[in-house]
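So the structure is just underneath, and the comments pick up after that.
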Amino acid sequence: MPVQSSDDLEHIRSVLDVLTGKWSLLVLNALCDGPARFNALRRINKGVSQKALTECLRRLEANGLITRTVVSTSPVAVVYAVSDLGASLEPHLKGLLEWSLDHRQKVEEARDAFVNGDAARPFTDAGNHPPRSGGES
């Protein structure tokens, strides 16, 4: 799909901003496996703080990607589930997560090379930008 306008770019950026939060894709992935309560999501996503998970869940709910249901038990429970809209992301999400696992070593090697100053720097002008083509100067 070709981007048609700056409005398209703004809409894309807005959606990607929600999806690319630090925990968003991992929380969505967990919920694609079935509904879960807050503490279960916290156990699945080791390292997430209570505050970060709360903010992530609110952001995903506010954007229609998950649902939040209060279950009247004693004590009251809250269950999160992926919505139909969120479920439509599942094949893309699984593909991205698989790609991440398949290419993690190459990404780590590139990061290490960059940090160590070994990364290739193909552009040599002062601004480190690619040379312009087509006779522009």
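The values are calculated or read from the model by the stated rules, or taken from the named source; none is laboratory data. This structure is a prediction, so every number in the text was calculated from the model and none was measured. Glycine gets a Cβ as well: all are built from the backbone with ideal geometry, and neighbour counts include every protein chain shown.
Which pairs do you get when a residue that is farther than 18 Å from Lys51 by Cβ, found in the stretch 17-36, comes within reach of a residue that is surrounded by fewer than 18 Cβ atoms within 10 Å (Cβ to Cβ) and among the acidic types (Asp, Glu), reach meaning Cβ atoms under 7 angstrom, with the pair 6+ apart or on two chains?
Listed pairs, sorted by first residue: Cys32/Glu90.
I need a count of the residues in the stretch 3-50 that are at pLDDT 90 or above, hydroxyl-bearing (Ser, Thr, Tyr) and either outside any helix (DSSP H, G or I) or over 17 Å from the mean Cα position of the chain (by Cα) (or both).
Selection size over the stretch 3-50: 1.
Taking interchain pairs and intrachain pairs at least six residues apart, which have beta carbon atoms under 8 angstrom, with the first residue in the stretch 97-121 and surrounded by fewer than 11 Cβ atoms within 10 Å (Cβ to Cβ) and the second of a type in the set (Val, Ile, Thr) and at pLDDT below 90?
Pairs that qualify, where the first residue is surrounded by fewer than 11 Cβ atoms within 10 Å (Cβ to Cβ) and the partner is of a type in the set (Val, Ile, Thr) and at pLDDT below 90: there are none.
Output the number of residues of the stretch 79-96 satisfying the condition of being among the hydroxyl-bearing types (Ser, Thr, Tyr) and surrounded by 15 or more Cβ atoms within 10 Å (Cβ to Cβ).
So in the stretch 79-96, the residues among the hydroxyl-bearing types (Ser, Thr, Tyr) come out as 80, 83, 88.
Now narrow it down to the ones that are surrounded by 15 or more Cβ atoms within 10 Å (Cβ to Cβ): 80, 83.
Total meeting the criteria: 2.
Has the stretch 101-114 got at least one residue that is closer than 12 Å to Leu28 by Cα, of a type in the set (Lys, Arg) and under 17 Å from the mean Cα position of the chain (by Cα)?
no
Could you tell me whether the stretch 58-74 includes any residue that is in a helix (DSSP H, G or I), charged (D, E, K, R) and within 23 Å of Trp99 (Cα to Cα)?
No: zero hits.
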